[in-house]
1. Among what's in region 108-150 and is out of contact with any strand residue (DSSP E or B) (no Cβ under 8 Å at 6 or more places or on another chain) and among the aromatic types (Phe, Trp, Tyr), pick the residue that is surrounded by the most Cβ atoms within 10 Å (Cβ to Cβ).
2. Identify all residues within region 56-107 that are charged (D, E, K, R) and either out of contact with any Phe, Trp or Tyr (no Cβ under 6 Å at 6 or more places or on another chain) or not assigned by TED's automatic domain parsing to the domain that holds SER120 (or both); write none if there are none.
3. Among the residues of region 70-84, is any at pLDDT below 95, surrounded by 11 or more Cβ atoms within 10 Å (Cβ to Cβ) and over 23 Å from ARG114 (Cα atoms)?
4. Do the conditions hold for ALA161, that is, is it at pLDDT below 90 and not assigned by TED's automatic domain parsing to the domain that holds ASP41?
5. Of these, LEU100, LEU16, which one is exposed (fewer than 11 other Cβ atoms within 10 Å of the Cβ), aliphatic (A, V, I, L, M) and modelled with pLDDT of 90 or more?
Amino acid sequence: METITDNSTQTASTSLWSFRVATPEDAEEFSAWITSNPDIDRADVQRTIKGNNPTCILLVASYDGKPVAFAPVYAQFHLAHLAFSPDARGTSKLQAVSGLLDFAMGLAVQFGIREITTLSRSSYAMGKFAEYLGFARDDRELFLFDINKVLKSAANENAAAIEHVAQQEGK
């Protein structure tokens, strides 16, 4: 299967499938798709409106030139975890987290990012901090696609191919 990428228009084609970034001409059709699908959370739609999330772009999959699916993607800041000095008191921890959140918000806004996420449980101290600071709990499940696994697999395949070629040349 041949893949062709055209960097000037941000499209990629594989066979009859093509993948691109949406254009304003797609808006009416995609809006109709959204309104006809009750499984799309309206809060998610609001997150993908350009004014609410400047980094949002719509990726489009087409078959034989006809759009089949689109996926909004946007950048987020993700608070991975917090580490505190063992000597820090609760009030110091809260002030530190509040200050870090303010700092992260300032950076996020500079990059056009409008969401900061974190993972925790409401029974954990981090969950309590998050709720106190204004993070909203989302009861949906998180599904994580780890690109590093794909990259590692590809690197291993490349290394094996290079080793095979080197062995063939050494014969």
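The values are calculated or read from the model by the stated rules, or taken from the named source; none is laboratory data. Here the structure is a predicted model, which means the values were calculated and not measured. All Cβ positions, glycine included, derive from the backbone under ideal geometry; neighbour counts span all protein chains shown.
1. Ranking the candidates gives PHE129 first.
2. Our first condition is that a residue be charged (D, E, K, R); within region 56-107, this holds for 64, 66, 87, 89, 93, 102.
Listed by number, the residues that qualify are ASP64, LYS66, ASP87, ARG89, ASP102.
3. Checked region 70-84: at least one residue is at pLDDT below 95, surrounded by 11 or more Cβ atoms within 10 Å (Cβ to Cβ) and over 23 Å from ARG114 (Cα atoms).
4. Numbers: at pLDDT below 90: yes; not assigned by TED's automatic domain parsing to the domain that holds ASP41: yes.
So ALA161 passes the test.
5. Just a single option satisfies the conditions, and that option is LEU16.
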